[in-house]
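Structure first, commentary second.
The values are calculated or read from the model by the stated rules, or taken from the named source; none is laboratory data. These figures come from a predicted structure and were not determined experimentally. Please note: Cβ atoms are built from the backbone with ideal geometry, for glycine as well, and neighbour counts cover all protein chains shown. Side chains included, ligands, DNA and RNA excluded: accessible areas come from the protein's heavy atoms. Shrake-Rupley method; radii C 1.70, N 1.55, O 1.52, S 1.80 Å.
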Amino acid sequence: MPVDEDGEELEYEDEYGDEFEEEIFAGGEEGEEGEEGMEISASEMLGSDGVHAEVEGRLYRAGDPLAEDEKLDYDSSAYDMLHRMTWDYPCLTFGFVRDSLGEQRTQYPMTSYLVAGTQAERAADNQLVCLKLSKMARTIHDDDSESDDDSDEDDEDPIVEVQRVPHQGTVNRLRLMPQTSHICATWSESGKAHVFSLAAPLATLHSPGSAPAGVSTEPLFTFDGHADEGFALDWSRVATGVLATGDNKGKIHRWQPAEGGSWVVDPVPFSGHEGAVEDLEWSPVEPNVFMSCGGDSTVRVWDVRRKAGSALAVDEKHGVDVNVMSWNKLVNYLVVTGADDGSFRVWDLRSFQSGEPVAKFNWHHAAITSVEWSPHESSTIAVCGDDHQLTLWDLALEDDPEAASAVRGRDDLKDIPPQLYFVHQGQQHMKELHWHVQLPGVLGSTAEDFNIFKPANAGDGAAGGRSESQNCLTMIDLHRDYLRCRGKSELAIWHGELLRGCKRSAIGVEVGHVTDSYWCPGRRWVYHASEGAAFAIDAVKATLTSISLPATALQPEDGTVLATMVRGCTALTSLDVGFNNLDERGVLELVRAARQRDQMVSLGFASCKIGTQGAKEIATYVATCAALASLNLEYNCIDPEGAMALADALSGDPTLTKLNLSEMNRSPEDRDDMGGILAISSALKTNRHLTYLNLSTNNIDVRAGTALAGAVAINGVLKHVDLTSNRLCGISSHAGRQSRKIV
């Protein structure tokens with residue numbers, strides 16, 4: 001997002017400020033004060049048995065009747081932050097905008113950008129509302145009003161700034177492109193789907209006056225080929241610019257980006273639902289796979305190469321609509337769905353065909369309207385429904401006997417699932433919720449009003465709540481803990497907590513000149529089933545920048561676990577898994593995970609059985625990535641066709657500066673085919689970034705060597721080319737200008 005010349009964020013008041021009402025709830029009735037100076041002894045806090053604490057008051061559950069003299073109140077200590085606001089028209093949908101203010105922000109006051117879509121009475125009055133919420137302070141708790149730690153900022157109301165873009169018809173749903181979040185796709189009640197650029201209004205919010213004048217507010221593209229309006233809408237996180245829209249007639253269309261900032265929509269839709277397509281989600285790792293759910297009570301998996309019928313389908317067998325779904329971005333085989341009967345289910349795609357979810361919950365009493373996995377905690381789900389409550393669930397929690405005994409005799413606390421850890425109420429007819437990717441633990445929810453809040457029992461990520469004195473730990477050997485742990489997943493918890501405590505920035509075979517016990521062969525802690533991977537991500541996701549695991553006996557299944565880590569680690573820039581027992585499939589999972597964040601600087605895939613298909617997909621990544629500087633593909637099975645794909649990527653002058661293709665093809669059948677080497681030679685003539693190239697042990701003959709020498713002479717950038725152990729027979733070791741070294 002743009003900033004001013006000094007890098008400062010400018011701030012101004014919303015000229016339509018009177019249209020927004022912002023409140024910070026305070027417990028108790030207006031003007032009511034509690035008793036001061038009251039001390040409660042430990043004995044008074046205990047129950048009649050002298051052991052278990054007693055809690056005053058009654059827990060209200062959604063749907064419970066209220067007596068005439070009763071009113072609902074909330075405990076301010078349940079929130080770290082809570083702000084509520086309303087505007088002229090309710091909003092069915094919204095999205096948080098990814099900004100440039102940093103990741104893992106936990107300090108108050110907070111700032112957030114978002115886009116909301118209105119539901120006005122007149123179609124012409126609808127808008128996309130771009131908002132900046134700044135100076136969002138921590139909630140003042142009822143019991144800490146006299147704390148010395150309170151700051152003046154805790155009393156301030158947030159500043160709400162707004163820019164509007166006209167939208168014809170109610171905005172049924174909107175989604176922001178994950179790679180470029182100022183690109184917004186919308187579904188209109190008019191039956192049309194649009195794509196807008198919100199760059200100008202968002203730039204104005206960030207720095208008033210920075211947006212150029214006269215920028216059009218019209219959609220970049222509109223598709224009116226659907227037979228009816230719809231709600232299902234999602235951008236691919238793997239293939240930039242790819243969109244899917246589903247309508248109330250059961251049809252799904254795929255959009256693909258075209259030149260000139262436009263889109264091409266497949267005229268033939270995907271068909272299979274026998275009713276409305278209520279929601280859809282693209283795979284977080286596969287460019288050709290998405291899922292959908294609908295009014296026929298089914299959940300479906302689609303392959304874009306097959307239009308007539310889904311690849312897989314499961315009927316939830318409740319006979320009502322499956323309204324919403326969310327695909328876990330940290331554990332890519334988990335999906336959650338929410339239905340009209342108030343139930344929500346968690347599906348493991350590895351056993352999807354069995355038709356049985358791995359978990360089912362019936363806490364809500366009305367239709368589920370939104371579900372979303374946490375982007376920070378792999379086992380955490382947020383759910384909201386038409387019963388006016390938003391609930392938070394942690395699937396890793398289990399029954400606690402001590403907690404059960406503490407609620408003995410309390411009918412209002414019976415039958416609460418152990419996985420339920422927070423209930424947010426006070427909003428009527430909740431429609432949609434989202435976690436904030438850059439503010440750990442912060443959620444937004446839209447209903448008749450809008451809330452943004454952070455529960456007091458929400459975490460801050462790997463670094464949350466840790467003191468600087470805990471940063472000195474660099475290595476500890478827990479091998480003997482196998483004797484004390486009941487299972488592998490428990491061992492992973494121990495290791496995860498240690499990594500969390502020391503804010504680990506690297507995992508590898510040589511960390512601080514000592515052997516890293518976590519990854520020694522036979523003691524690899526991450527591959528402890530899915531639980532281990534989840535704890536690994538939670539422990540290091542905000543601090544891990546490097547994974548270096550060459551020759552550590554990694555197996556094919558470790559590729560999947562590592563890919564889960566790569567997707568979850570927000571700071572990761574370097575990965576080396578060379579000379580292991582990984583296969584091409586595992587490598588491609590890692591490449592797709594790297595593409596999702598597009599921040600990797602160095603990748604090492606030596607001796608990973610990479611063939612033609614793998615080389616082609618890696619070449620696609622090289623051609624489009626924004627940061628990759630070093631790539632090691634030595635000792636693989638890349639045939640001339642794969643080498644030509646890499647050459648095509650190089651000819652586009654990507655960011656790559658170092659490329660190792662030593663003995664890239666171990667197959668004896670293609671050793672004499674110089675097509676790939678000749679293609680690389682041609683690419684070097686136009687490439688202006690590559691400074692190091694290793695082509696040793698590739699059986700290069702005189703003709704191909706001569707072509708390489710000529711290309712290097714033209715190139716003008718290459719500093720080092722390794723051609724040892726080839727068949728060059730007399731080719732000069734110096735091919736050109738600037739003292740470039742040809743070995």
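Side notes on the structure shown:
- Pairs, first more than 17 Å from Val238 (Cβ to Cβ) and not assigned by the TED database to the domain that holds Gly604 in segment 557-585, second of a type in the set (A, V, I, L, M, F, W, C) and open to solvent by 10 Å² or more (accessible area, probe 1.4 Å), C-beta under 9 Å, six or more apart: none
- Residue identified as among the β-branched types (Val, Ile, Thr), out of contact with any strand residue (DSSP E or B) (no Cβ under 8 Å at 6 or more places or on another chain), outside the structural domain of Thr118 (by the TED database) and open to solvent by 20 Å² or more (accessible area, probe 1.4 Å) among Val215, Val264: Val215
- The strands (runs of 3 or more DSSP E) found wholly in segment 300-389 and carrying at least 3 residues that are in contact (Cβ under 8 Å) with a residue 40 or more places away in the chain, open to solvent by 40 Å² or more (accessible area, probe 1.4 Å) and closer than 30 Å to Val268 by Cβ occupy 312-315.
- Complete set of residues in segment 177-192 that are in contact (Cβ under 8 Å) with a residue 40 or more places away in the chain, surrounded by fewer than 20 Cβ atoms within 10 Å (Cβ to Cβ) and either touching a Ser or Thr at 6+ places or on another chain (Cβ under 6 Å) or in a strand (DSSP E or B) (or both): Gln179, Glu189
- Among the residues of segment 68-99, the ones that are crowded, with 21+ Cβ neighbours inside 10 Å and of a type in the set (Phe, Trp, Tyr) come to 3 in all.
- If the condition is being within 19 Å of Pro654 (Cα to Cα) and either surrounded by fewer than 17 Cβ atoms within 10 Å (Cβ to Cβ) or in contact with a strand residue (DSSP E or B) (Cβ under 6 Å, 6 or more places away or on another chain) (or both), then segment 602-619 contributes Ser602, Leu603, Gly604.
- Elements of type strands (runs of 3 or more DSSP E) contained in segment 563-633, each with 2 or more residues being small (Gly, Ala, Ser): 602-604
- Count of segment 224-261 residues, restricted to those that are buried (at least 19 other Cβ atoms within 10 Å of the Cβ), more than 22 Å from the chain's Cα centre (by Cα) and not in a loop (DSSP other than H, G, I, E, B), is 6.
- The residues of segment 390-440 that are modelled with pLDDT of 90 or more, polar (S, T, N, Q) and outside any loop (DSSP other than H, G, I, E, B), listed by number, are Thr391, Gln425.
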